[in-house]
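Here's the structure we're looking at; comments come further down.
The values are calculated or read from the model by the stated rules, or taken from the named source; none is laboratory data. As the structure is a prediction and not an experimental result, all values here were calculated from the model. Cβ coordinates were reconstructed from backbone atoms using ideal geometry, including for glycine residues, and neighbour counts include every protein chain displayed.
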Amino acid sequence: MSIADQPRAGGEPLLRVQTLSKAFGGVRAVAGVSFDLAPGELLALIGPNGAGKSTCFNMINGQLKPDSGSIALDGRDIAGLPPRAIWRRGVGRTFQVAATFGSMTVAENVQVALLSHAGQLSRLWPRAHAMHRERALELLGQVGLRERADDPCSTLAYGDIKTVELAVALANRPRLLLMDEPTAGMAPRERNALMSLTRQLVKELGIAVLFTEHSMDVVFAHADRIMVLARGQLIAQGPPADIRDDAKVAEVYFGSGRLVKAAARVAT
């Protein structure tokens, strides 16, 4: 049984990636990667620098066009579509560096995303500040920031800004959420709080999540399943306990020992 054909918990896959490949000149950044992702599942994509994580991630998001392979969302191929079209089909995304409007309030940042989802950004109405406010407050309530709704984003701690970004990503009611280094720049307590919140929302809303992450404590504590890339190839995939004990994965990370040490901390 191949890696891609292993049975998945949580029902039929929402996302199915098959033999995805991308080269830059003579360098094969991603070579024949295949995997599935089910609703309600958190799947971590990890690997050393240069493994192909960002390339794989950006092909799924539409920022890069694959050389070959397919990316099926709910049975429909989205490979090569622009990011906006993929977003419209129910794919949300958070970024490594949080980007919010500091001069706007927390609620207004979410309202902008809601206006975009509704196709109303081009209408510069005087009442725009009041549009979709109730839905924005509902989303902020889901992430625990409703009480900060009228505070300028510039006054928030970085961990709270990342949480606002999560609310913004939920504005288009995504079925699939792509999170690029979601805890980058955060303290250990903050990053585990953010991922615990994400996990709670994913299970409640039935969203599938694919995330890249360098903090192995976060990966092993919160991922349902882990994929490991090395030199553009998928070398291992499975639950955290299996990845921790995988000899090939240990060899890939041998230089720093980060993966093994982080896994040991989580296990204890």
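Just checking, how many residues over segment 23-49 are in a loop (DSSP other than H, G, I, E, B) and either of a type in the set (Phe, Trp, Tyr) or at positive phi (or both)? Lay out the reasoning, then the answer.
Filtering segment 23-49 down to residues in a loop (DSSP other than H, G, I, E, B) leaves 25-26, 38-41, 47-49.
From what's left, either of a type in the set (Phe, Trp, Tyr) or at positive phi (or both): 25, 40, 47.
Qualifying residue count, segment 23-49: 3.
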Residue list for segment 1-40, restricted to those being at pLDDT 95 or above and charged (D, E, K, R): Arg16, Lys22, Asp36
Can you tell me which residue in segment 171-181 is farthest from the chain's Cα centre (by Cα), limited to those that are of a type outside the set (D, E, K, R) and modelled with pLDDT of 90 or more? Pro174
Determine, yes or no, whether Gly62 is crowded, with 18+ Cβ neighbours inside 10 Å, touching a residue at least 12 places away in the same chain (Cβ under 8 Å) and over 19 Å from Met227 (Cα atoms). yes
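Do you know which of the residues in segment 77-96 that are part of a strand (DSSP E or B) and of a type in the set (Val, Ile, Thr) is farthest from Met186 (Cα to Cα)? Write out each step before concluding.
Step one: of segment 77-96, the residues part of a strand (DSSP E or B) are 77, 91-94.
Now narrow it down to the ones that are of a type in the set (Val, Ile, Thr): 91, 94.
Details: Val91: 24, Thr94: 15 Å.
In this case the residue turns out to be Val91.
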Residue list for segment 56-67, filter: among the polar types (S, T, N, Q) and under 14 Å from the mean Cα position of the chain (by Cα): Asn58, Asn61
For Ala118, only one of the following conditions fails: (1) buried (at least 17 other Cβ atoms within 10 Å of the Cβ); (2) among the aliphatic types (A, V, I, L, M); (3) modelled with pLDDT under 90. What is its number? (1)
Within segment 141-169, of all residues that are part of a loop (DSSP other than H, G, I, E, B) and surrounded by fewer than 21 Cβ atoms within 10 Å (Cβ to Cβ), the one modelled with the highest pLDDT is Asp151
